[in-house]
1. Could you estimate the translational diffusion coefficient of the range 14-86 from the Stokes-Einstein equation, with Rh from the Kirkwood formula over C-alpha pairs, at 25 °C and 0.890 mPa s, in whole µm²/s?
2. For the range 21-33, take each phi angle, set θ = phi - 60°, evaluate the Karplus expression 6.51 cos²θ - 1.76 cosθ + 1.60, and give the result in whole Hz per residue in order, putting x for glycine and proline.
3. Which percent of the accessible area of the range 160-206 is formed by carbon and sulfur heavy atoms (probe 1.4 angstrom)?
4. Let's test the formula: R0 of 25 Å, r as the Cβ-Cβ distance of ASN204 and ILE45. What FRET efficiency results, to the nearest 0.05?
5. What residues qualify as long-range amide H neighbours of ALA161, i.e. H under 5 Å apart, gap of 5 or more or another chain, H built at 1.01 Å from N?
6. With the crude spin-label approximation of a point 7 Å out along Cα→Cβ, what separation in nm comes out for LYS174 versus HIS19?
7. How large, in percent, is the carbon and sulfur part of the accessible surface of the range 1-146 at a probe radius of 1.4 Å?
8. Using only the heavy atoms of the protein chains and a 1.4 Å probe, how would TRP181, TRP56 rank by accessible area, largest first?
Amino acid sequence: MKSVAVSQRIDWIQSRSEHRDSLDQKLSDLLVEVGFLSFPVPNGIKYSKTRHIDSWLEKLSPDAVLLSGGNDIAEFYSRDQVEKILINHAIHNSLPILGICRGMQMLGIHFGATLERINEHAGTRHELVASEENPAHFSKTVNSYHNFSLKDLPNEIEIIATDSKGSCEAFRHKTLPIEAWMWHPERESPYVEKDLLNLKRVLNND
């Protein structure tokens, strides 16, 4: 099996004064379903010459990177920094990247887009409108758990799906093996066949 380096959300456990990394078990299961092993990336490794996420990634040598959902951007500095390193590592090594929900927002910001708050998108389902240039066959409706959308996307980013009001729901980079979706394929039960096919396509860089 190929391996995927997967970013993790951070949960603050006030009663124990602990920051905990966490990853939905269903996301690891989803990746196994399409032939990948997930390697959760820790947010708590301190930065030094001998202890650094870059060194960790070089030893792991993943085949792809997945930026997961959970947390708002700027909520936890360490997660933001780890995901920036993951993006740069993947680009430097020509690895495919898939961003899910927050991961899509992080990728958008990396390439110069900005965030704007959006209403009625958290805990709902809505229509997905694929662009004519879209190479994928997405579902007609998707789940939605986000409070922000992307605007001012640069020319190097191509929007491949929107909601019915024109808000970006999926994009791909025009020259790099990078794609991003605002919905959570791991939260569908059962998994959606089109999501599975697209996961394979993106992570295998087909």
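1. Approximately 177 µm²/s, per Stokes-Einstein.
2. So the J values, rounded to whole Hz, are 7, 8, 9, 4, 4, 5, 6, 4, 5, 4, 5, 4, 4.
3. 48 percent
4. My answer for the efficiency is 0.30.
5. For ALA161, whose amide H was placed from the backbone, the distant partners under 5 Å are SER131, GLU169, ALA170.
6. Between LYS174 and HIS19, the simple spin-label model gives 3.7 nm.
7. The nonpolar share, carbon plus sulfur, comes to 47 percent.
8. Listed by decreasing accessible area, they come as TRP56, TRP181.
The values are calculated or read from the model by the stated rules, or taken from the named source; none is laboratory data. It should be emphasised that the depicted structure is a prediction, and the values quoted were computed from it without experimental measurement. FYI the Cβ positions are ideal-geometry reconstructions off the backbone, even for glycines, and counts take in every protein chain you see. For accessibility, only protein heavy atoms count, side chains too; no ligands or nucleic acids. Shrake-Rupley method; radii C 1.70, N 1.55, O 1.52, S 1.80 Å.
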